[in-house]
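Bear in mind these aren't lab numbers, they're just calculated from the coordinates by the rules spelled out. Source: prediction; values computed, not measured. All Cβ positions, even for glycine, are placed from backbone atoms using ideal geometry, and neighbour counts span all protein chains on display.
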Amino acid sequence: MDTPRLEIHLNKIKENAGYINNLLMNKGIETVGVTKGFCAIPEIATALSQGGIRKFGDSRIENLKTLCQSGIEGEKILIRLPMVSEAYEVIKWADTSVNSEIETIKVLSEEAEKHNKVHNIILMVDVGDLREGILPEEVIKVASEGKNLQGIRIIGLGTNVGCYGGVLPSKENTKILVDLGRDLEKELDLEKITISGGSTCGIKLVEEDNIPDGINQYRIGEGILVGYDSTGDRPVPGTCSNTMQLIAEVIELKEKDSIPKGEIGMDAFGNKPEFEDKGKRKRAILAIGKQDVDLDNIFPLLKGVEILGGSSDHLILDVTNSKEAIKIGTRIPFSINYGGMLRLMTSPYVKKLFK
Ligand SMILES: *Cc1c(COP(=O)(O)O)cnc(C)c1O
């Protein structure tokens with residue numbers, strides 16, 4: 001049994017990593033390779049490493065542990081605010097974490113002291129996206145409390161845009177971070193701090209040479225993995241987007257009506273389905289479902305084939321207009337985007353095949 005499977009072209013990912021790493025390095029920005037999109041699978045992390053990436057970020061401590069245990073070298077950064085309940089694991093598996101709560105920072109400091117370690121802290125600043133972060137006017141106050149703690153060391157500032165609020169990175173909002181950085185250097189008596197100013201959507205600012213001096217780190221996932229910038233809604237120039245393909249297998253092929261018979265209730269996910277009457281259609285059912293993949297984020301690579309919908313374990317295609325012959329057992333290829341990749345990588349039912 002080799003389906004459903006995700007075929008992963010490691011060379012293309014390595015090239016994307018190398019390309020972005022160089023592009024940013026030429027502007028004085030180091031790249032943190034973000035591994036959460038692929039559960040930090042060591043083969044892919046190695047491709048990032050071969051592309052020149054020396055720092056790795058993940059939102060899940062389990063994934064940083066995987067990186068450590070598989071011998072991937074370089075700084076490991078927890079890029080989601082830590083839970084107090086995972087302080088022990090954070091100290092153990094992460095060199096650095098991003099933080100916005102002094103209570104949590106105090107717990108991390110105590111835990112680090114217990115284990116004779118010093119844990120690095122990047123203070124997250126909210127410049128407008130309304131996801132995580134300290135408000136700019138409070139940053140120095142938090143830093144002044146943090147600098148007296150023995151188990152931690154504040155090494156810089158970070159911000160996140162383009163995720164929750166969809167706020168695009170701009171010269172203005174990144175400049176807030178740089179200015180705050182100068183204040184923080186004074187407060188902490190440090191010469192040069194890390195200013196972690198962006199993700200894939202920030203690559204555009206670099207291309208346009210619109211990035212304020214002082215930003216010296218980006219955390220990049222999507223651009224490396226699938227060569228796309230969702231927030232900017234554009235391919236990342238110079239990268240390759242067909243790094244991965246999903247293959248799923250036909251288990252039923254029949255001609256059926258396009259409208260179900262009987263009274264329509266809610267589907268298995270609490271939505272009321274709607275149907276368009278196109279008469280009798282040739283429908284293929286594939287052995288993959290919403291437990292494995294987000295059906296809105298995969299795209300059939302066969303001409304004329306359309307996704308009709310699915311349930312937890314089934315994907316239904318309209319193959320009436322397919323140019324290629326489809327039979328029971330046919331493996332249908334799909335391209336995927338970052339959102340599609342997330343759940344496919346997480347599903348243990350989807351095999352990962354490295355090419
Ligand atoms: C996921 C994540 C990133 C990476 O974003 P991409 O758009 O995939 O480059 C960067 N920073 C944080 C805090 C994240 O959670």
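Some points to look at:
- Region 186-225 and region 237-298 have Cα centres separated by 40 Å.
- Axis angle, to the nearest 10 degrees, between helix 10-25 and the longest C-alpha principal axis of the chain: 30 degrees.
- With a Förster radius of 41 Å applied to the C-beta separation of GLN69 and ASN321, the computed FRET efficiency comes to 0.25.
- Using θ = phi - 60° in the Karplus curve 6.51 cos²θ - 1.76 cosθ + 1.60, the 3J(HN,Hα) couplings for region 223-239 round to x, 6, 6, 10, x, 10, 10, 5, 5, x, 6, 7, x, 7, x, x, 10 Hz; x is entered for Gly and Pro.
- Computed from the C-beta positions of ASP2 and ASP179 and an R0 of 45 Å, the FRET efficiency is 0.25 to the nearest 0.05.
- Part-to-part distance (alpha-carbon centres) for region 303-346 and region 12-82, which is given in Å: 30 Å
- Environment charge of GLU187, counting only residues whose C-beta is closer than 15 Å and scoring Lys/Arg +1, Asp/Glu -1: -2
- Spin-label zone in region 295-318 - amide nitrogen under 14 Å from a point set 7 Å from the Cα of LYS355 along the C-beta vector: 301-302
- Other-chain or far-sequence residues with amide H under 5 Å of GLY309's (modelled H): ILE316
- Those residues of region 62-88 whose amide nitrogen sits under 16 Å from the label point placed on LEU10, 7 Å along Cα→Cβ: 67, 70-73
- Using the Cβ-Cβ distance between LYS303 and ASN148 with R0 set to 56 Å, the FRET efficiency from 1/(1 + (r/R0)^6) comes to roughly 0.30.
- Helix-derived mean residue ellipticity, 222 nm - over the chain, DSSP H n ≥ 4, -39500 (n - 2.57), to 500: -8000 deg cm²/dmol
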